[in-house]
Amino acid sequence: MSERLPTVLTVACEGGGSAAVTMEGQDDVQVAEFTVNCPKGSTGVGSASLDPGVVPRGSFSVAVDTSTQDIRWSLTVTQPE
């Protein structure tokens, strides 16, 4: 991760229910949290845009906790320049 660039965390899901998303920096500090509605038959999308420096340099973790096991989801973490 670069501390000089913004970070965008995006989750897409489908299947009926919801997905709770959290992101933590390497020192276990939570830097993002949001919930995505995951409809049946279409795609729900949610994202968090984080200012430069919010995600510290080094490793990070992202957790996705779905309300049912039938939900399919995908995740991207980008740093647009």
Pick the calculated Cα extents along the principal axes in Å for this structure from (i) 39, 26, 14; (ii) 58, 45, 12; (iii) 42, 34, 17? (i)
Evaluate the distance, in nm, between pseudo-label points positioned 7 Å from the Cα of SER74 and of VAL62 along their respective Cα→Cβ axes. 1.2 nm
Contact order relative to length for the chain, counting C-alpha pairs under 8 Å separated by 6 or more residues, stands in percent at 47 percent
Averaged per residue, what accessible area in Å² does the chain show with a 1.4 Å probe, protein chains only? 60 Å²
Give, in nm to one decimal, the length gained when the segment between GLN26 and VAL8 is fully stretched (0.36 nm per residue of separation minus the Cα-Cα distance). 4.8 nm
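The values are calculated or read from the model by the stated rules, or taken from the named source; none is laboratory data. Not measured: the values here are computed from a predicted model. Here Cβ is always computed from backbone atoms with ideal geometry, including for glycine, and neighbour counts include all displayed protein chains. What goes into the accessible areas is simple: the full protein's heavy atoms, side chains included, and nothing from ligands, DNA or RNA. Shrake-Rupley method; radii C 1.70, N 1.55, O 1.52, S 1.80 Å.
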